[in-house]
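Working notes, beginning with the structure itself.
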Amino acid sequence: MDTELDVSFTVNGETLTRRIAVRQNLVDFLREELGLTGTHVGCEHGACGACTVRIDGEIVRGCLLLAVQADGRRVETIEGVSQSGEIADLQDAFHKRNALQCGFCTPAMLLTAQDLMQKNPNASREEIREHLSGNYCRCTGYQAIIDAVQSTLAARSPRGVSQS
C-alpha cells in the first residue's frame with residue numbers, strides 16, 4: 001500500500017502538484033510544506049476552529065481534512081484572502097475595535113466572519129455570534145469581534161444592519 005499520493009490542487013491561486021503522505025492533514029501540509037503559518041493548529045479535533053481554511057469557497061477545518069482530499073480543489077488560506085484585499089475592511093475593523101488581542105484565533109475568525117458576510121449581509125448580532133460560535137477566542141470575550149463584524153456589515157451595506 002502506498003503511503004504517499006500524487007495530488008494537484010490550487011492554494012491561494014497557485015496550482016501545486018506534490019507527492020503527499022496519505023495521512024498528513026491539510027493544516028500540517030499548509031504550515032510545514034508551504035510555510036503558510038496563518039492557519040493555526042489548536043485542538044487538532046475540529047472543535048476550536050483555529051485551523052479554518054476555505055475549500056472551493058466553503059470554510060472547513062483544516063485539521064479534519066487530509067491534504068490528499070484537496071486533490072483537484074481550490075484551497076484559500078488567510079494569507080491568500082488577505083492579500084486579495086477581500087477582507088481589508090474587516091481586518092481594519094478588527095484592529096480599530098481591538099478584536100484581535102493575542103491573534104491566535106484571528107485568521108480563522110476573519111475567514112469565518114467573511115463567510116457569514118457573504119452568506120448573510122444583513123446578519124444580526126445574534127446571527128454573527130451564532131456563525132462565529134465554532135471559533136474559540138480566549139482573549140476578547142467576543143464582544144469586540146462581534147462589534148467589528150457588525151460595523152463592517154454596516155459599512156458594506158447601503159441600508160445598514162440590524163443592531164439587535
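Computed values, structure above
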{"read-out": "Three semi-axes of the equivalent ellipsoid, the range 85-156, Cα gyration tensor, whole Å, largest first", "value": "16, 13, 11"}
{"read-out": "3J(HN,Hα) from dihedral phi, the range 19-30, Karplus parametrisation 6.51/-1.76/1.60, rounded to Hz, x for glycine, proline", "value": "9, 10, 4, 5, 9, 7, 7, 5, 4, 5, 4, 4"}
{"read-out": "In sequence order, calculated HN-Hα J values of the range 139-152 (Karplus, 6.51, -1.76, 1.60; Hz; x Gly/Pro)", "value": "9, 8, x, 6, 4, 5, 5, 5, 4, 5, 5, 5, 5, 5"}
{"read-out": "Residues whose placed amide H lies under 5 Å from that of Asn25, excluding near-sequence neighbours", "value": "Ala67"}
{"read-out": "³J(HN,Hα) computed for each position of the range 110-125 - Karplus, 6.51 cos²θ - 1.76 cosθ + 1.60, integer Hz, glycine/proline x", "value": "5, 4, 5, 5, 4, 4, 4, 5, 6, 7, 9, x, 10, 4, 7, 4"}
{"read-out": "Per residue Cα convex hull volume in Å³ - calculated over the chain", "value": "104"}
{"read-out": "Binned Cα-Cα distance frequencies in the range 4-81 - 5 Å width, integer %", "value": "3, 18, 31, 29, 15, 4, 0"}
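A short reminder: the numbers here are calculations on the coordinates, not readings from a lab. Note that the structure is a prediction, hence the values are computed from the model and not measured.
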